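Please read the structure below before turning to the comments.
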Amino acid sequence: MVVLADALTDAEGLGSRIRDLLVGTVMSVMLVVSVITTWNKSKSVLAAGAAFLGAAALWFAVMNAVVFRDSVGETIKPGGGGVPSVTEGRGPAVVRVVDPADGSGPGGEVL
């Protein structure tokens, strides 16, 4: 069992190094290529700058994908079991029932 655990740890470490290499190398090459390609096609500093900003934003999103995933996981509870309570964390709720046909509330009062 110890040998298997060490093999799994080694494979995980190797996978992590490969992922870091790919993200660092491939993303930086893609950034440079996109800026050079845009510059060659348009000869515009503004277009090349926009290509740089777009590639940098993509690089940032890839580098922080885990953070984005975790923040979404905190906001959206998977398998939340239905609709949360109206008063969840906000105190008591006031609910007024309105009849959409004539605009009257409960007891016939007009709103």
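Phi angles of segment 8-23 translate, via the Karplus equation with coefficients 6.51, -1.76, 1.60 and θ = phi - 60°, into HN-Hα couplings of 5, 5, 5, 5, 5, x, 5, x, 5, 5, 5, 4, 4, 5, 5, 5 Hz per residue; Gly and Pro are given as x.
Segment 1-66: percent of C-alpha pairs farther apart than 14 Å? For segment 1-66, the share of Cα pairs beyond 14 Å comes to 66 percent.
Computed from the coordinates by the stated procedures, all read-outs in this text should not be read as laboratory data. Worth saying up front: this structure is predicted, and the values here are computed from it rather than measured.
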